[in-house]
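To start, the structure itself, in C-alpha cells.
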Amino acid sequence: MRRVIILLLAVVVPAVVAGAGGGLIVRGRGFARLVKPWYSSSAYIASWNVKQWTNTTQLLDDSPAGLNYHLSNMPSVATGPISNGLYWTFDGVDDCFKARPNTYFLNGMTGITMYAIIRCRTNANTLVEQGIAGFFGSYYKRVFALVNGPQVGTLRAFVGDGSNYTSLGWAAMRTNVWWHCAITYRLGDVARFWVNATNVVNGTVVGPIVQDGVFQIGKVDNWNYFDGDVASVEILSNVCSSAGDITSHFQSTMSGGLPAR
C-alpha cells in the first residue's frame, strides 16, 4: 500500500523548475506560480504576481503576513517574457486589487523598498492621472504610490510621512514598454525613485511612513484606474538603496526579459 501511495503522489505533484532570480516555479496542468520570493530575506513583506488555473485566474499573494486581497473587477491575464511568464492587464476602467479594509501594513515603517514591473498603454495627463500601485490616505501627505502622470510621458513616485511628502517625477516614460520601477526610503535619508536600475530622482521626507488608506494595485485612491500591465509588485521592510541591490533585482526579475525599447 505504501508503494501505491508514493506512485500516486508522483503523478499529481507538479514539476519544480528553477525560476528567474533563484525562485522556484511550480508547473502543472494549467498552473504556474512563483513559490519562493526573488528576495529571500527576513525583510521581505509582500509579493503579488499572477497564478493561473485551468479555469480561473487570480492574484497570488506570497506575503509572509498572508495579506488578503479582493477584486474590484477581474483584470485579464496575458503571457510574456516578464517575471514568471504571466502578467495582469488592467483596462483603465474598473480593474483593481485592494487589500482588505484596515490593513495598514506599511504604517510606521522607517525603511521600505517597493518594486513594480509595469507597462503603460496610455500617456496620462493632469485630467487622467493613473494610480499603478500603493495607497493614498485621508490626508494628501499620507501617501506611498507609483503613478502614471500627471504630465505626458511621466512616471511619478509619492512618499509621505503624514506631515510632509515628496513627489518624484521622471519624464522619459514611453508607452508599451516594460519598466522596472523601485521606490526606496530610509528614515533620515532621501526617498529615491529608480527606473530600470537607474536612480532617476530623489526627494526629502522627514518621518516614518503614515498609512491610513488601503493598498491597491491597478488603482490608487485619489487617482484614476491604471490602463496598462503589471507583472509583479514586491515590498521589503528595508532599503535596497545601492545601485548593486537594485541592479541585482532588475537583472533577476527582467531576465529573459525586457522587450526591445
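The values are calculated or read from the model by the stated rules, or taken from the named source; none is laboratory data. All values derive from a computational prediction rather than experimental measurement. Reconstructed Cβ throughout: ideal geometry from the backbone, glycine too, with neighbour counts over all protein chains shown.
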Q. Looking at ARG186, is it of a type in the set (Lys, Arg), over 26 Å from PRO75 (Cα atoms) and crowded, with 23+ Cβ neighbours inside 10 Å?
A. no
(Q) If I filter segment 102-114 for residues that are polar (S, T, N, Q) and part of a strand (DSSP E or B), do I get at least one hit? (A) yes
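If a residue counts only when it is small (Gly, Ala, Ser), which strands (runs of 3 or more DSSP E) contained entirely in segment 180-261 have at least 3 such residues?
Working: elements: 190-195, 198-204, 227-236.
In segment 180-261, 227-236 are the strands (runs of 3 or more DSSP E) which contain 3 or more residues that are small (Gly, Ala, Ser).
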(Q) Can you go through SER163, SER138, SER167 and tell me which one is farther than 23 Å from ALA46 by Cα and in a strand (DSSP E or B)? (A) SER167
Q.
Here is a check on your reading of the model: is ASN222 of a type in the set (S, T, N, Q) and on the phi > 0 side of the Ramachandran plot?
A. yes
**Q.** Any chance THR175 is in a strand (DSSP E or B) and either surrounded by fewer than 23 Cβ atoms within 10 Å (Cβ to Cβ) or not basic (Lys, Arg) (or both)
**A.** no
(Q) Looking at segment 110-126 only, could you name the residues that are crowded, with 16+ Cβ neighbours inside 10 Å, of a type outside the set (D, E, K, R) and within 24 Å of ASN148 (Cβ to Cβ)? (A) ILE112, THR113, MET114, TYR115, ALA116, ILE117, ILE118, CYS120, THR122, ASN123, ALA124
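Out of everything in segment 127-140 that is surrounded by 14 or more Cβ atoms within 10 Å (Cβ to Cβ) and modelled with pLDDT under 90, what residue ends up being nearest to the chain's Cα centre (by Cα)?
VAL128
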